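Here's the structure we're looking at; comments come further down.
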Amino acid sequence: MSSTVIEVRDLCHTYMRGTPLARQALRDVTLSIAEGELVAIIGRTGSGKSTLVQHFNGLLKPDSGHVFVDGQDIWQKGVALRDVRRKVGLVFQYPEHQLFEESVASDIAFAPRNMGLADNAVDDAVREAMRIVDLNYEEFAERSPFELSGGQKRRVAIAGVIAMRPKVLILDEPTAGMDPRGREDVLGEIQALHDEHGYTIVLVSHSMEDVARFANRLVVMEDGRIVMDGPPRNVFERRDELVEIGLGVPQVTDLMAELARRGYGFPTDVITVGEASEALLPSLLAASGLARESDTPCGGVGR
Ligand code: ADP
Ligand code: MG
């Protein structure tokens, strides 16, 4: 059985409490995240996503409720928040705004150096982090972070958190403000961090298209509450509710549902473009008089 790494219970958080500008951002949020999950937290702007994830590593303190990391109540007396923040790494929205050193390597080295690691251990951590995010050390270590592409800058920022060797990686809107190519680049990287490097990942997003493909679980927030929590396919079945809270479902899910409504015998629970192609291809090939290579008796010959 997989073990719980982060658990929050009955969390409430109000900004500027006791002032006329008070704003309740979390209302009784209870959630647990198991080791190895890739969870997406999704909700429109202002629904409380960033506030919630900043409780996961103790950057924000709840007004009431509890936060457990590896079973330990992090607000209990005597707990070192420094250790919690090392274990639960948080990559902020627009992380490139926090790049400030003159070279990529020294930027990534910032946190491990602050942790008091010796020079050679810092160097090892930097090299390992760059390898994990696919930034070639020889090519990038001495370059200025400011002359990199948008996707590369985000990789540097992610590497800066990975260099602390966290157990859980939280990414707050990692594709915000990027063009489609940069988005693909960063999303592919996040998927590899999970699939190949075994990180437990919490991905905050407001885009269904981004998360549908590879999150194992979607947690939907609205007005400081969790309103849905489950596998993407189950969440997308609640299309009307999702539309009502300003989220909707992936375009391809809507398209396939529309085709099914018009009497074509397609599945109605398609959530990715890949699945749609699988469902549509036989009909398209039949209509065009072609057959798929693999559907013919000699399909495999020559490969
Ligand atoms: P999301 O990340 O989903 O966009 P946030 O957690 O940032 O949502 O915000 C939740 C609510 O709390 C919003 O109403 C927002 O305006 C408010 N809020 C967020 N940060 C602050 C802050 N530092 N001071 C006051 N209000 C804030
Ligand atoms: Mg946010």
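Counting only residues that are in contact with a Phe, Trp or Tyr (Cβ under 9 Å, 6 or more places away or on another chain) and assigned to a loop (DSSP other than H, G, I, E, B), which one in the stretch 51-75 is surrounded by the most Cβ atoms within 10 Å (Cβ to Cβ)? Only one residue tops the list, namely Ile74. Among residues that are within 22 Å of Gln98 (Cβ to Cβ) and either in the same structural domain as Gly89 (by TED's automatic domain parsing) or within 16 Å of ligand 2 (Cβ to nearest atom) (or both), Ile226 is not included. Can you work out which of the residues in the stretch 16-51 that are free of Cβ contacts under 8 Å to residues at least 24 places away in the same chain and in contact with a Ser or Thr (Cβ under 9 Å, 6 or more places away or on another chain) is farthest from ligand 1 (Cβ to nearest atom)? Selected residue: Ala22.
Scanning the stretch 76-97 for residues that are surrounded by fewer than 16 Cβ atoms within 10 Å (Cβ to Cβ) and touching a residue at least 60 places away in the same chain (Cβ under 8 Å) yields a total of 2.
Can you confirm whether Val235 is of a type outside the set (Gly, Ala, Ser), at pLDDT below 90 and more than 13 Å from ligand 1 (Cβ to nearest atom)? No; evaluated as a whole, the condition is false for this residue. Output yes when any residue across the stretch 53-75 is more than 16 Å from ligand 1 (Cβ to nearest atom), touching a Pro at 6+ places or on another chain (Cβ under 7 Å) and either in the same structural domain as Val204 (by TED's automatic domain parsing) or not β-branched (Val, Ile, Thr) (or both), and no when none is. So far as the stretch 53-75 goes, no, none of its residues is more than 16 Å from ligand 1 (Cβ to nearest atom), touching a Pro at 6+ places or on another chain (Cβ under 7 Å) and either in the same structural domain as Val204 (by TED's automatic domain parsing) or not β-branched (Val, Ile, Thr) (or both). Of the helices (runs of 4 or more DSSP H) contained entirely in the stretch 148-247, those carrying at least 1 residues that are under 30 Å from Leu117 (Cβ atoms) fall at 150-162, 180-195. Being more than 16 Å from ligand 1 (Cβ to nearest atom) and of a type in the set (Ser, Thr, Tyr), is that true of even one residue in the stretch 131-138? Scanning the stretch 131-138 turns up at least one residue that is more than 16 Å from ligand 1 (Cβ to nearest atom) and of a type in the set (Ser, Thr, Tyr).
The values are calculated or read from the model by the stated rules, or taken from the named source; none is laboratory data. What you see is a predicted model; the values in this text were computed from it and never measured. As a convention, Cβ positions derive from the backbone with ideal geometry for all residues, glycine included, and neighbour counts pool all protein chains shown.
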